[in-house]
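Asks: Let me begin by handing over the structure; questions about it come next.
The values are calculated or read from the model by the stated rules, or taken from the named source; none is laboratory data. Please read these numbers as outputs of a predicted model, since none were measured by experiment. As a convention, Cβ positions derive from the backbone with ideal geometry for all residues, glycine included, and neighbour counts pool all protein chains shown.
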Amino acid sequence: MTGRPRILVVDDERAIQTLLSYPLEGEGFDVVPALSGEAALERFDDTIDLVLLDVSLPGIDGFEVCRRLRAQSAVPIIMLTARTDEIDTVLGLELGADDYVTKPFSLRELTSRVRAALRRSEMLQRAARTAAPAPGDPPTAEQFIVGDLELDRASRTVRVRGDEVRLTFSEFEIISLMVASPGRVFTRDQLLEKIWGDSEYRDPRTVDVHMRHLREKIEREPSEPELLLTVRGVGYQMGKPA
């Protein structure tokens with residue numbers, strides 16, 4: 001991205017808009033405000049670099065806005081929620097949100113999340129510009145096979161038993177990291193640091209949610225995983241079926 005990153009801030013409370021806008025602008029971002037889901041969809045365009053999206057909006061709620069935006073763009077979306085129920089977090093991530101922040105939060109925490117999401121977005125854009133290997137080319141250092149799973153970092157594709165599986169950015173980064181080191185045990189904090197850029201403000205359950213989604217997408221029996229294994233009391237590892 002060039003110039004000042006543009007952030008679409010979606011919250012129906014003007015006080016929250018003001019509270020977020022001044023510090024974000026002071027940190028070098030341009031803020032585009034939207035007071036409703038309808039306004040967010042209208043104001044969103046390809047100049048927006050990131051969306052801060054409140055869940056509890058009148059009319060079209062944040063989940064529906066997230067779903068519609070994700071259908072047309074890979075822009076980073078950070079959900080803002082006062083809810084603490086895991087089901088809300090799971091739903092937001094399943095619809096394509098990149099991250100979520102639970103109110104109340106510190107502005108330092110929010111800025112940290114925004115910068116980390118923008119860094120990940122830049123990584124994704126660089127990866128998308130990398131040419132994928134031509135069909136029939138021999139495997140490269142960017143290609144991995146573990147059991148029924150095939151992963152290609154250059155094209156950011158994953159196939160399981162021959163079928164391509166759609167993963168979110170964070171899901172791909174997790175499995176890409178783990179498939180390159182089968183057998184290595186990663187703690188939740190290590191995964192938070194490597195995938196999201198920090199673990200200071202993040203709930204370790206974020207990793208658990210992503211692992212559950214990944215298992216649902218790649219395992220024959222998600223409740224009895226063969227690839228993404230839990231190491232009780234420590235974290236996760238990529239195993240190779242016998």
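Asks: Please go through segment 21-34 and pick out each residue that is modelled with pLDDT under 95 and within 18 Å of residue 69 (Cα to Cα).
Replies: Hits for segment 21-34: nothing passes.
Asks: Considering only segment 169-188, state which residues are surrounded by fewer than 18 Cβ atoms within 10 Å (Cβ to Cβ) and touching a residue at least 40 places away in the same chain (Cβ under 8 Å).
Replies: Hits for segment 169-188 are 181, 182, 183, 184, 185, 187.
Asks: Cβ-Cβ under 7 Å, sequence separation 6+ or interchain: first residue in segment 115-129 and not assigned by TED's automatic domain parsing to the domain that holds residue 173, partner modelled with pLDDT of 75 or more and surrounded by fewer than 17 Cβ atoms within 10 Å (Cβ to Cβ). Which pairs?
Replies: 124/74
Asks: Right, residue 15: out of contact with any Leu (no Cβ under 7 Å at 6 or more places or on another chain) and either surrounded by 12 or more Cβ atoms within 10 Å (Cβ to Cβ) or outside the structural domain of residue 113 (by TED's automatic domain parsing) (or both) or not? Outline the logic, then answer.
Replies: Working: out of contact with any Leu (no Cβ under 7 Å at 6 or more places or on another chain): yes; either surrounded by 12 or more Cβ atoms within 10 Å (Cβ to Cβ) or outside the structural domain of residue 113 (by TED's automatic domain parsing) (or both): no.
In short, no.
Asks: Against the condition under 30 Å from residue 108 (Cα atoms) and at pLDDT 90 or above, how does residue 175 come out, does it pass? Talk me through it step by step, then tell me what you get.
Replies: Numbers: under 30 Å from residue 108 (Cα atoms): yes; at pLDDT 90 or above: yes.
Yes; evaluated as a whole, the condition is true for this residue.
Asks: Take residue 44 and tell me if it is in the same structural domain as residue 104 (by TED's automatic domain parsing), under 16 Å from residue 101 (Cβ atoms) and either modelled with pLDDT under 95 or in contact with a helix residue (DSSP H, G or I) (Cβ under 7 Å, 6 or more places away or on another chain) (or both).
Replies: On the way: in the same structural domain as residue 104 (by TED's automatic domain parsing): yes; under 16 Å from residue 101 (Cβ atoms): no; either modelled with pLDDT under 95 or in contact with a helix residue (DSSP H, G or I) (Cβ under 7 Å, 6 or more places away or on another chain) (or both): yes.
Against the criterion (in the same structural domain as residue 104 (by TED's automatic domain parsing), under 16 Å from residue 101 (Cβ atoms) and either modelled with pLDDT under 95 or in contact with a helix residue (DSSP H, G or I) (Cβ under 7 Å, 6 or more places away or on another chain) (or both)), residue 44 does not qualify.
Asks: Considering only residues that are assigned to a helix (DSSP H, G or I) and among the hydrophobic types (A, V, I, L, M, F, W, C), look in segment 63-81 and name the one that is nearest to residue 113 (Cα to Cα).
Replies: At the first step, the residues of segment 63-81 found to be assigned to a helix (DSSP H, G or I) are 63-72.
When the remaining residues are screened for being among the hydrophobic types (A, V, I, L, M, F, W, C), the result is 63, 65-66, 69, 71.
Numbers: 63: 19, 65: 20, 66: 17, 69: 19, 71: 23 Å.
Per the stated criteria, the residue is 66.
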